[in-house]
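Asker: Here you go, one structure.
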Amino acid sequence: MGTITARGRRSLVGKIVLLVAVCLLLGAWLTSTPPGLLGKADAVGYAVCHRIAARSFFLGERQMPLCARCTGMYLGAMIGLLYQLRLGRRGGMPSRKILVALGVFILAFIVDGSNSYLHLFPGAPSLYSPQNFLRLLTGIGMGITISAMLYPVFQQTIWTEWSRQPAISTWPQLGMILLIAGFVDLGVLTEQPLVIYPASLLSALTVLVILAMVYTMVWVMILRRENAFQNWKDLWAFLVAGSGTALLQIMVMDLVRFGFFGNWSGFVFPS
């Protein structure tokens with residue numbers, strides 16, 4: 001059995017310290033946020049979303065962790081990521097025709113978001129009356145777009161070997177993602193507990209997943225380890241660092257917002 005070098009020991013100690021630090025951070029966040037799974041989901045939403053009640057869907061009398069637009073965006077992102085994940089390490093960017101469609105999704109998101117924002121100010125001009133189903137729909141389109149950009153960038157940054165083939169390059173592929181997203185959209189619109197409860201948890205989880213992916217890439221680039229990983233086992237320490245940084249961002253934003261308002265409620269504005 002080979003002996004562990006001094007460098008290997010330092011690396012192992014560093015990984016253990018990192019893991020303990022992230023566990024302590026997680027423990028602090030769990031004990032300082034509202035109880036229950038939905039309470040933790042609320043705390044995630046609290047860090048990234050205005051959570052205006054009139055612009056949100058409800059689980060009975062309980063508001064979802066994210067507003068309608070953010071719910072759609074993060075559910076769309078998760079659907080897009082899962083679809084691409086099943087295709088392996090495809091790191092090619094979407095084809096031009098798909099990029100045009102994604103550009104339309106972005107435009108719709110901007111137009112509906114801007115129109116909705118103007119309704120916060122009485123008397124301000126607007127194109128039409130905002131509706132939650134439009135917020136959800138344009139949010140899902142934006143989420144799909146985020147996943148279509150983030151997934152290939154992650155593959156290109158992390159793995160030693162990755163395919164230049166795009167994960168989304170044809171209309172049937174995009175159509176399948178949109179079909180699944182459409183069913184999810186319709187399910188959320190029913191506001192049935194059997195749909196809203198898992199959608200609430202999944203949308204909040206996706207916030208952490210996206211932030212963890214981004215921060216994992218950041219740490220890989222900071223430490224100049226691009227394209228140095230063969231498998232997930234090699235990557236685990238960077239995933240822990242990325243997840244810990246994502247959790248730290250959520251925790252800091254929670255603390256800042258709670259410090260200003262003293263509660264876990266959403267902002268109070270007209271619909």
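Asker: Treating only the Cβ of Lys, Arg, Asp and Glu as charged (+1, +1, -1, -1), what charge dipole size does region 129-230 show about its Cα centre? Round to the nearest 20 debye. Don't jump to the answer; show the numbers that get you there.
Answerer: Values: 4 positive and 4 negative charges, 49 e Å.
Dipole about the Cα centre, nearest 20: 240 debye.
Asker: For the chain, which span is the longest to avoid every loop-located (per DSSP) member of trypsin sites (Lys or Arg not before Pro) having at most 14 other Cβ atoms inside 10 Å? Show your work: numbers first, answer last.
Answerer: Numbers: sites that count: Arg86, Arg224.
Free of exposed loop sites, the longest segment is 87-223.
Asker: Given a Förster distance of 30 Å, report the FRET efficiency between Cys23 and Leu99 from their Cβ-Cβ distance, rounded to the nearest 0.05.
Answerer: Values: r = 41 Å, r/R0 = 1.36.
Once the sixth-power term is evaluated, E becomes 0.15.
Asker: Let me ask you something else. Would you please state the base-10 log of I(q)/I(0) at q = 0.14, 0.24, 0.26 1/Å for region 210-271, with intensities from the Debye formula using one equal scatterer on every alpha carbon?
Answerer: -0.54, -0.94, -1.03
Asker: Whole-Å semi-axes of region 19-143's equivalent ellipsoid, largest first, each the root of 5 times a Cα gyration tensor eigenvalue?
Answerer: Values: eigenvalues 160, 129, 28 Å².
Equivalent ellipsoid semi-axes, largest first: 28, 25, 12 Å.
Asker: Rounding to the nearest 20 debye, state how big the charge dipole of region 40-261 is about its Cα centre with +1 on each Lys and Arg Cβ and -1 on each Asp and Glu Cβ.
Answerer: On the way: 16 positive and 9 negative charges, 84 e Å.
The dipole of region 40-261 has a size of about 400 debye.
Asker: Between the helical axis of 171-190 and the dominant principal axis of the chain, each derived from Cα atoms, what acute angle in degrees is found, rounded to the nearest 10?
Answerer: Value to nearest ten degrees: 60.
Asker: Can you tell me how much longer the chain between Val214 and Glu61 gets when fully stretched, taken as 0.36 nm per residue apart minus their C-alpha distance, in nm with one decimal? Please report the intermediate quantities before stating the final value.
Answerer: Values: separation 153, 0.36 × 153 = 55.08 nm, distance 3.43 nm.
So the chain would gain 51.7 nm between Val214 and Glu61.
Asker: Once both axes come from the Cα atoms, what is the angle between helix 232-261 and the longest principal axis of the chain, in degrees from 0 to 90, rounded to 10?
Answerer: Long axis of 232-261 versus the principal axis of the chain: about 40 degrees.
Asker: Oh, and also: Can you show me the helix-derived [θ] at 222 nm for the chain, built from DSSP H runs with n ≥ 4 at -39,500 (n - 2.57) apiece and divided by the number of residues, rounded to the nearest 500.
Answerer: On the way: 8 runs with 188 residues, N = 271.
Roughly -24500 deg cm²/dmol at 222 nm, from the helical runs in the chain.
Asker: Connecting C-alpha atoms closer than 10 Å in a GNM of the chain, tell me which of Thr245, Thr33, Thr170 has the biggest fluctuation.
Answerer: Thr170
Asker: To the nearest 10 degrees, how steeply does helix 6-32 sit against the main Cα axis of the chain, on a 0 to 90 scale?
Answerer: Tilt relative to the chain: about 30 degrees.
Asker: Still on this structure: Taking only the C-alpha atoms, wrap a convex hull around region 1-63 and report its volume per residue in Å³ as a whole number. Walk me through the numbers before you get to the answer.
Answerer: Values: hull volume 8.8 nm³, N = 63.
Residue-normalised Cα hull volume stands at 139 Å³.
Asker: Leaving out same-chain residues fewer than 8 places away, which lysines sit with a Cα under 19 Å from that of Lys233?
Answerer: Here the lysines satisfying the reach criterion relative to Lys233 are Lys15.
Asker: Normalised by the number of residues in region 40-261, what is the relative contact order in percent for Cα pairs under 8 Å and 6+ residues apart? Please report the intermediate quantities before stating the final value.
Answerer: Working: 329 pairs, mean separation 66.6, N = 222.
About 30 percent, as a whole number.
Asker: For the chain, what number results from the quotient of the Cα radius of gyration and 2.2 N^0.38 Å?
Answerer: Rounded to two decimals, the normalised Rg is 1.10.
Asker: Can you tell which of Trp236, Trp162, Trp29 shows the greatest fluctuation in a Gaussian network model of the chain with Cα springs below 10 Å?
Answerer: Sorting by GNM fluctuation, first place goes to Trp236.
Asker: Then there's this: Please compute the contact order of region 1-146 in relative form: average sequence separation of alpha-carbon pairs under 8 Å and at least six residues apart, divided by the residue count, as a percent. Present the calculation step by step, with values, prior to reporting the outcome.
Answerer: On the way: 132 pairs, mean separation 39.8, N = 146.
Relative contact order here is 27 percent.
Where a number appears in this text, it was derived from the coordinates with a stated rule and is not lab data. Only a predicted model underlies this, so the values are computations on that prediction, with no experimental measurement involved. Cβ coordinates were reconstructed from backbone atoms using ideal geometry, including for glycine residues, and neighbour counts include every protein chain displayed.
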